[in-house]
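Here the structure is laid out as structure tokens; the discussion comes afterwards.
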Amino acid sequence: MPLEIELKMRLEYPEALEARLKALGANRRGPVMEQNTYYDTSAADLRRAGQGLRLRIEHPTEGGPPRAIVTHKGPRAPGPLKTRQETQVQVSDSGQAAELLEALGYRPVLFFEKRRRRWQLDDCSVEIDSLPYIEDYVEIEGPNEQAVLAARVRIEMDKVPLVKKSYLGLLREYLEKQGMSVTRVTFADAKQERE
């Protein structure tokens, strides 16, 4: 089973990081707008087991067809970086995938949008993510811890603290602190709330 090995950091200046990546010769890959729906049982069995089940639809913002992916994430392994087993399946029909998950007893618990700008630096993916309410982060994912940590040094962010929580966890924490009991988090809603 494939392993996901990554780290996440809060990002104050996304444009500065993109300039740094360009100067390092990183390859820019097409940006996407994601729609992420997380599923769980009514008893929150996956959450309690430290697992995740997600249906993601990626809409390329520079053209191209959308892609739908179902992902299961296993519990985190101990260590400095976020390492966990991850199984992904691309599906041709996101609606039918959602129906299948619900027929198996999973229900949607949180939907959120994310803007992702993708870069490839050596053998690591460097992804600059913007989310409603919680703003900007960078994730570095690679084949092993050494490669991920080396990429962190190359982009000059090795002194920035690591964020241990997932986006799902960060959003849940924000919503709870704000007293918001919503199951959909969109950029339009966040903009409306600020106005």
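Of all residue pairs spaced 6 or more apart or on separate chains, those with beta-carbon atoms under 6 Å, a first member in the range 143-157 that is within 15 Å of ILE128 (Cα to Cα) and a second member that is at pLDDT 95 or above and exposed (fewer than 14 other Cβ atoms within 10 Å of the Cβ) are ARG152/ASP158.
Quick grid of which residues meet (1) assigned to a helix (DSSP H, G or I); (2) farther than 19 Å from ALA147 by Cα; (3) touching an Asp or Glu at 6+ places or on another chain (Cβ under 8 Å):
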position: GLU12; (1), (2), (3): no, yes, yes
position: THR37; (1), (2), (3): no, yes, no
position: LEU55; (1), (2), (3): no, yes, no
position: GLY63; (1), (2), (3): no, yes, no
position: ILE69; (1), (2), (3): no, yes, yes
position: GLY79; (1), (2), (3): no, no, yes
position: ARG84; (1), (2), (3): no, no, yes
position: GLY95; (1), (2), (3): yes, yes, no
position: LEU101; (1), (2), (3): yes, yes, no
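The one condition from (1) at pLDDT below 95; (2) closer than 30 Å to GLU156 by Cα; (3) not hydrophobic (A, V, I, L, M, F, W, C) that GLY64 does not meet is (2).
Can you confirm whether the range 111-125 contains a residue that is among the aliphatic types (A, V, I, L, M) and either closer than 21 Å to LEU171 by Cβ or within 16 Å of the chain's Cα centre (by Cα) (or both)?
No, the range 111-125 contains no residue that is among the aliphatic types (A, V, I, L, M) and either closer than 21 Å to LEU171 by Cβ or within 16 Å of the chain's Cα centre (by Cα) (or both).
Taking the range 147-184 as the range and being farther than 28 Å from LEU55 by Cα and basic (Lys, Arg) as the test, the residues that pass are ARG152, ARG154, LYS159.
Considering the range 19-38, the residues that are of a type in the set (D, E, K, R) and over 22 Å from TYR133 (Cβ atoms) include one that is surrounded by the most Cβ atoms within 10 Å (Cβ to Cβ), namely ARG20.
Scanning the range 14-35 for residues that are among the charged types (D, E, K, R), at pLDDT 95 or above and either part of a loop (DSSP other than H, G, I, E, B) or over 21 Å from LEU162 (Cα atoms) (or both) returns LYS22, ARG28, GLU34.
Could you check the range 105-195 for helices (runs of 4 or more DSSP H) lying wholly inside it with 1 or more residues that are surrounded by 15 or more Cβ atoms within 10 Å (Cβ to Cβ) and of a type in the set (Val, Ile, Thr)?
Correct list: 145-154.
Do the conditions hold for THR41, that is, is it within 23 Å of VAL138 (Cβ to Cβ), among the polar types (S, T, N, Q) and surrounded by fewer than 18 Cβ atoms within 10 Å (Cβ to Cβ)? Spelling it out, it is not the case that THR41 is within 23 Å of VAL138 (Cβ to Cβ), among the polar types (S, T, N, Q) and surrounded by fewer than 18 Cβ atoms within 10 Å (Cβ to Cβ).
The values are calculated or read from the model by the stated rules, or taken from the named source; none is laboratory data. Computed from a prediction, not measured in an experiment: that's the story for all the values here. Cβ: placed from backbone, ideal geometry, glycine included. Neighbour counts: every protein chain shown.
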